[in-house]
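What follows is one structure encoded as C-alpha cells, with my remarks underneath.
The values are calculated or read from the model by the stated rules, or taken from the named source; none is laboratory data. Values in this document were obtained by computation on a predicted structure and should not be read as measured data. Note that each Cβ is placed from the backbone with ideal geometry, even for glycine, and that neighbours are counted across all protein chains shown.
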Amino acid sequence: MARVATGHATVHDGRGELSLTMDDSQPSNETALSTTVRAIWAEVLKVTDVPDDVHFIDLGGDSIAATQCVTAIATELGIEVPIESLFAEEATCAHFIELLGQASANSPEQARK
C-alpha cells in the first residue's frame, strides 16, 4: 500500500502506482503519519488532493471506502480505529490524523516500537 518518506508517499494498489509529493501549500511539519494517511485516503477515494478540512464523505467516501481505509491504516500503521470515526461530524483528514496520533500514543504495540 503506502511506502513513506518524509514529504512523499508512493501508493501501490496492484493496478498501478500513485506518487504524491507534498507541495508548499501543505504544512512543512508534515509527519510520516500524516503522509501515510493522506496517501491511503487518496488511493481509496481516488483523489489527488486530500485537504485538511474536507469531510471524508465529501471526498467521495462511503462504507466500502471507510472499510478499506481503516483496514489499510491497521495494515500500514498498526493502529486500529473504529470505522464509525470516518462518519463522525468532524471526519476531516486533519481530525482523523489527530485521532490516529492519539490512538498510536495509547497503543501498547506502538509504545514498543
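Miscellaneous remarks
- Within segment 38-56, the residues that satisfy the criterion of being among the hydrophobic types (A, V, I, L, M, F, W, C) and touching a helix residue (DSSP H, G or I) at 6+ places or on another chain (Cβ under 8 Å) are 40, 41, 44, 45, 47, 50, 54, 56.
- Any hit, segment 76-83, residues being farther than 18 Å from residue 99 by Cβ, in contact with a Ser or Thr (Cβ under 8 Å, 6 or more places away or on another chain), in a loop (DSSP other than H, G, I, E, B) and modelled with pLDDT under 95: no
- Residue count for segment 71-96 under the criterion of being crowded, with 19+ Cβ neighbours inside 10 Å, among the β-branched types (Val, Ile, Thr) and touching a helix residue (DSSP H, G or I) at 6+ places or on another chain (Cβ under 6 Å): the result is 1.
- Close pairs from segment 26-44: first buried (at least 20 other Cβ atoms within 10 Å of the Cβ), partner modelled with pLDDT of 85 or more and of a type in the set (Gly, Ala, Ser), Cβ under 7 Å, at least 6 apart: 40/72; 44/65; 44/72
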